[in-house]
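Q: Have a look at this one before I ask anything.
We did not get these values from a lab; they are worked out from the coordinates using the rules stated. From a predicted model like this one, the values you see are computed outputs, not experimental measurements. Cβ: placed from backbone, ideal geometry, glycine included. Neighbour counts: every protein chain shown.
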Amino acid sequence: MNKIDLKKDLKHLYQPSARDVVHVDVPAIRYLMIDGTGDPNTSPHYARAVEALFSVSYTAKFMVKKGPAAIDYAVMPLEGLWWSDDMASFVANDRTKWQWTMMIHQPAFVDESLLRDAMAEVKRKKGLDTVDALRIERFTEGPCAQILHVGPFTEEGPTIQRVHDFIEARGRLAGKHHEIYLSDIRRADPARWKTVIRQPMA
């Protein structure tokens, strides 16, 4: 049984260079999503939200693998949209005012009914009420600029500024700040964390 890895199939979206900011056109992608507010480092809701996303995504993966389709695939990485009503809070790093949508890309062959079955299974087995806040949504970003940041999240500032400078030389910023977390931060050295920094543009 071959294993499908969408990160490799969509290399231009999930494996950008750390050297140069590049322009990409991001098509409609179907995600499992959940919303919240507050500091991701201290918010219990954030931790439960991420747990719910991964629990359902992995449950769906094993349902597909053991089902009639018999497809094995790699669960996609965690992604996050970040914003604030007061953008000064980003500059000041006041994370208590941050708003976020955390999400995981779901392959096209994982249909919505199976995802809902996976959600019900996770809630039944783990008692995760946060599952009730999950939603399935197609999200289109269109034209974006992106680059790979290597290092701790606290050192993203200069990388984000490079992305903004790239956009402002060609148009204007649009949409929400988007990050894709390629590393398992529980195991990897923070100096080697890999994060895609993406920003829609107009």
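Q: Return the lysines within reach of residue 125: Cα separation strictly under 27 angstrom, same-chain partners fewer than 8 residues apart disregarded; answer none if there are no such residues.
A: Result set, ordered by chain and number: 3, 61, 65, 66.
Q: Calculate, for residue 120 and residue 99, the FRET efficiency according to 1/(1 + (r/R0)^6) with r their C-beta to C-beta distance and R0 35 Å; round to the nearest 0.05.
A: Once the sixth-power term is evaluated, E becomes 0.80.
Q: Could I ask something else about it? Is region 1-81 rounded, prolate or oblate when judged by the Cα gyration tensor, a ≥ b ≥ c being the square roots of its eigenvalues, rounded requiring a/c under 1.5 and prolate requiring a/b larger than b/c?
A: Oblate shape, in that a/c is at least 1.5 and b/c is the bigger or equal ratio.
Q: Given H placed 1.01 Å from N in the peptide plane, which residues other than close sequence neighbours of residue 31 have an amide H under 5 Å from its amide H?
A: Long-range HN contacts for residue 31: 106, 137, 138, 139.
Q: Now for a different question. Straight-line reach from residue 11: which aspartates and glutamates have Cα under 18 Å away, leaving out those fewer than 8 places along the same chain?
A: 20, 25, 79, 141, 179
Q: Name the residues whose placed amide hydrogens come within less than 5 Å of the amide hydrogen of residue 73, ignoring near sequence neighbours (fewer than 5 apart) on the same chain.
A: HN-HN under 5 Å from residue 73: 4.
Q: Assign one of three labels to region 119-202, namely rounded, prolate or oblate, based on the Cα gyration tensor with a ≥ b ≥ c the square roots of its eigenvalues; rounded applies when a/c is under 1.5, prolate when it is not and a/b is larger than b/c, and oblate otherwise.
A: oblate
Q: While we're looking at this one, here's another question. So what is the relative contact order for the chain, in percent, with contacts set as C-alpha pairs under 8 Å and at least six apart?
A: Relative contact order here is 29 percent.
Q: Using each residue's phi in region 146-157, evaluate 6.51 cos²θ - 1.76 cosθ + 1.60 at θ = phi - 60° and report the 3J(HN,Hα) Karplus result to the nearest Hz, with x for Gly and Pro.
A: Here the 3J(HN,Hα) series is 8, 7, 8, 9, 10, x, x, 4, 5, 10, 6, x Hz.
Q: Another one. Report the convex hull volume per residue for region 55-142, counting only C-alpha atoms, in Å³.
A: 128 Å³
Q: Would you compute, from DSSP H runs of 4+ residues alone, the mean residue ellipticity of the chain at 222 nm, taking -39500 (n - 2.57) per run and dividing by the full residue count, rounded to the nearest 500?
A: My calculation for the chain gives -9000 deg cm²/dmol from helical runs alone.
Q: Please give the FRET efficiency for residue 3 paired with residue 108, using the beta carbon to beta carbon distance and R0 = 25 Å, rounded to the nearest 0.05.
A: 0.95
Q: Quick one: which of 78-85, 65-72, 47-54, 16-23 comes out on top by average Cβ neighbours within 10 Å, and what's the full order, highest first?
A: With the highest mean Cβ count within 10 Å placed first, the list reads 47-54, 78-85, 16-23, 65-72.
Q: Expected output is a single nm value to one decimal: the length gained when fully extending between residue 129 and residue 183, i.e. 0.36 nm times separation in residues minus the C-alpha distance. What is it?
A: 16.8 nm
Q: What is the Cα centroid distance between region 15-71 and region 108-180, reported in whole angstrom?
A: About 7 Å separates the Cα centre of region 15-71 from the one of region 108-180.
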